[in-house]
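Here's the structure, in structure tokens; my notes come after.
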Amino acid sequence: MTDNRAEVLRTLRGTTSLKKFIDRLVEYGLTEKLTRQRLSKIEKGTAVFPPGLAAEIAETLIRSGVPPQQVEPLRVVRQPLIEPVPARTAAMRWKQWSRMVARVPNRRWWEQPLTVLSRMTSSEYAGAYRQLFERYGGDSEEVLHLLRRRLEIGGEGGPFHPVEGDAVGIRRAASTLRVCADRTDLFLLEVKLRNTGTVPWRDRLLFRLGTPVSASLPLTPAILPVPDTDPGGVCELIVPGRAQWFQNLAVVSYVMVFPDLSSCLPGRLPLWVDTRTEVYESTFDLPPGFPAAEIAD
């Protein structure tokens, strides 16, 4: 229970039997049906007070001669010590990420990712990551600048709303959506998205669904900037990552969002990372029409 009224009720009953206590309440006007079994469960904490019952018992005890100050705690519900988890709204996500990015100068894992990477693995690993990223035309400083600016836009503008005619496709033949890697190895995936709708993409982001990393999931950025793209155009994104620890086939899913991290169109972008070293039976595809089916080209 989240309140102490059961304990208060036991104290008020004292050594009086359950039956005599209920008979006394009925004698002084209790209208709510109350049995010994029900009262016992309430006192033990295995049942909760029905709405209004505690207040009616309090009034009845006062009429029977119990001092009001002794009965008053029966009316008060003790609030939970832990506040409920706030709703995962777009505004909440934007607030969390904006607060994080606002402290970038003091956050080494944002400002100096290679330094942190070298501490977690080795300087040789960090150097390989830099070469790999630069080989594909990546610029970590530019990515960071875009993320900061677009999150600032999300706080100043909006609310943002989906627009009819907005659509996206994947150029699968020109993209690398799946990679085979050894456990904890670094990798880069190239994704080319085509604006197949009638709405220009401006200041869009890719937002990763679920936890950003676990023993069975690879580490990839939680948010990535999407290059501004006009209808009919194609944009290229580089997704850096580190493979998961377990030997398994993992999927990372991204959705396209506005600067305030609210969804702008349906569908998801799945990326596959395979760290298995043995031959396994192939997994089953999602059935046609499944709600989480990937976006099609």
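The values are calculated or read from the model by the stated rules, or taken from the named source; none is laboratory data. Because the structure is a prediction, the values reported are computed rather than measured. Note that each Cβ is placed from the backbone with ideal geometry, even for glycine, and that neighbours are counted across all protein chains shown. Ligands, DNA and RNA are excluded from the accessible area calculation, which covers all protein heavy atoms including side chains. Shrake-Rupley method; radii C 1.70, N 1.55, O 1.52, S 1.80 Å.
Numbers for the structure displayed
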| item | result |
| --- | --- |
| Matching residues, the range 33-77, being farther than 17 Å from residue 22 by Cβ and in contact (Cβ under 8 Å) with a residue 60 or more places away in the chain | 73, 76, 77 |
| Matching residues, the range 202-226, being open to solvent by 50 Å² or more (accessible area, probe 1.4 Å) and in a loop (DSSP other than H, G, I, E, B) | 202, 209, 210, 211, 212, 213 |
| Lone unmet requirement of (1) over 21 Å from residue 63 (Cα atoms); (2) β-branched (Val, Ile, Thr); (3) assigned to a helix (DSSP H, G or I); (4) open to solvent by 30 Å² or more (accessible area, probe 1.4 Å) for residue 48 | (3) |
| Residue in the range 152-172 that is within 28 Å of residue 273 (Cα to Cα), out of contact with any His (no Cβ under 8 Å at 6 or more places or on another chain) and either open to solvent by 50 Å² or more (accessible area, probe 1.4 Å) or without any contact (Cβ under 8 Å) to a residue 40 or more places away in the chain (or both) present | yes |
| Those residues of the range 228-255 which are out of contact with any Asp or Glu (no Cβ under 7 Å at 6 or more places or on another chain) and closer than 16 Å to residue 169 by Cβ, in sequence order | 229, 230, 231, 232, 233, 234, 235, 237, 254, 255 |
| Residue in the range 31-45 that is modelled with the highest pLDDT, counting only those that are part of a loop (DSSP other than H, G, I, E, B) and surrounded by 13 or more Cβ atoms within 10 Å (Cβ to Cβ) | 34 |
| Positions within the range 1-30 being surrounded by 14 or more Cβ atoms within 10 Å (Cβ to Cβ), under 50 Å from the mean Cα position of the chain (by Cα) and basic (Lys, Arg), in sequence order | 5, 13 |
| Residue match in the range 241-258 (condition: in a loop (DSSP other than H, G, I, E, B) and in contact with a Leu (Cβ under 6 Å, 6 or more places away or on another chain)) | yes |
| Any hit, the range 269-284, residues being modelled with pLDDT under 90, under 15 Å from residue 177 (Cβ atoms) and buried (at least 19 other Cβ atoms within 10 Å of the Cβ) | no |
| Checklist (1) touching a strand residue (DSSP E or B) at 6+ places or on another chain (Cβ under 8 Å); (2) in contact (Cβ under 8 Å) with a residue 60 or more places away in the chain; (3) not hydroxyl-bearing (Ser, Thr, Tyr) applied to residue 250, failing item | (2) |
| Close pairs (8 angstrom Cβ cut-off, 6 or more residues apart or separate chains): in a helix (DSSP H, G or I) in the range 6-30, crowded, with 16+ Cβ neighbours inside 10 Å and of a type in the set (S, T, N, Q) anywhere | 25/60 |
| Unmet criterion (only one of (1) open to solvent by 70 Å² or more (accessible area, probe 1.4 Å); (2) at pLDDT 85 or above) for residue 61 | (1) |
| Subset of the range 243-268 [at pLDDT 90 or above, aromatic (Phe, Trp, Tyr) and closer than 30 Å to residue 162 by Cβ] | 254 |
| The range 171-192: number of residues that are within 28 Å of residue 152 (Cα to Cα) and in contact with an Asp or Glu (Cβ under 8 Å, 6 or more places away or on another chain) | 3 |
| Selection within the range 44-61 - closer than 17 Å to residue 72 by Cα and of a type outside the set (S, T, N, Q) | 49, 51, 52, 53, 54, 55, 56, 57, 58, 59, 61 |
